[in-house]
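A short write-up of the structure that comes next.
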């Protein structure tokens, strides 16, 4: 799955999607607890790609935690870059609930409501594509302090906005291996995506 901070949707490739390719789909033939909820949905991403599909529910497992009857969406049709340039089976959105195109509960809201985590916090360890270790991880409800250097930790506050739709922050610069790559103060909207 692609983990996306720029959207709030949770969707998986449907077994009826003609563009599914070799991706692992979901549907009544793959899960005994899969239920169609009968309504349609769609989303268009900033790169012009889009998804149309249906609302469904199924039991969703995050580690050993089961969310019974979790409502999410299937991708019945893909357009744009999603058809050929990706190989992930769906998207797990980590955006604010107000940015949801569907008003369905976000995965973080569902985990908090079920009592599996105490806050909507996530800790991210991004892997380097260049070393092919594929060792990225997301920790739900807290940070994994074993994954970063505590003495260099920086907390970035989300900038206030009228509606909480995006992660927004201000930075003074960025250093990589001691070299400053961004020198000026900038504002940013996070649309981090990791698979």
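A few points about this structure:
- Test: residue 48 is within 26 Å of residue 111 (Cβ to Cβ), at pLDDT below 90, in a loop (DSSP other than H, G, I, E, B) and in contact with a strand residue (DSSP E or B) (Cβ under 9 Å, 6 or more places away or on another chain): no
- Scanning the range 51-67 for residues that are in contact with a strand residue (DSSP E or B) (Cβ under 6 Å, 6 or more places away or on another chain) and free of Cβ contacts under 8 Å to residues at least 12 places away in the same chain gives a single hit, 66.
- Qualifying residue in the range 18-31 (condition: assigned to a strand (DSSP E or B) and surrounded by 15 or more Cβ atoms within 10 Å (Cβ to Cβ)): yes
- Exclusive hit being more than 16 Å from residue 6 (Cβ to Cβ), touching a strand residue (DSSP E or B) at 6+ places or on another chain (Cβ under 9 Å) and touching a residue at least 60 places away in the same chain (Cβ under 8 Å), set 116, 148, 72: 72
- Tally, over the range 161-189, of residues that are at pLDDT 70 or above, in a loop (DSSP other than H, G, I, E, B) and within 30 Å of residue 106 (Cα to Cα): 0
- Hey, residue 30 at pLDDT 90 or above, over 23 Å from residue 136 (Cβ atoms) and over 15 Å from the mean Cα position of the chain (by Cα) or not: yes
- The condition of being in contact with a strand residue (DSSP E or B) (Cβ under 8 Å, 6 or more places away or on another chain), assigned to a loop (DSSP other than H, G, I, E, B) and surrounded by 15 or more Cβ atoms within 10 Å (Cβ to Cβ) holds for only one of 110, 104, that being 104.
- Any chance residue 19 is in contact with a helix residue (DSSP H, G or I) (Cβ under 6 Å, 6 or more places away or on another chain) and at negative phi: yes
- Test: residue in the range 141-154 that is surrounded by 13 or more Cβ atoms within 10 Å (Cβ to Cβ), under 17 Å from the mean Cα position of the chain (by Cα) and closer than 25 Å to residue 47 by Cα: no
- Residues in the range 1-17 that are closer than 21 Å to residue 63 by Cβ and outside any loop (DSSP other than H, G, I, E, B): 2, 3, 4, 10, 11, 12.
- Taking the range 62-101 as the range and being over 24 Å from residue 47 (Cβ atoms), at pLDDT below 90 and buried (at least 19 other Cβ atoms within 10 Å of the Cβ) as the test, no residue passes.
The values are calculated or read from the model by the stated rules, or taken from the named source; none is laboratory data. Not measured: the values here are computed from a predicted model. Heads up, the Cβs are rebuilt from the backbone with ideal geometry, glycines too, and the neighbour counts pull from every protein chain shown.
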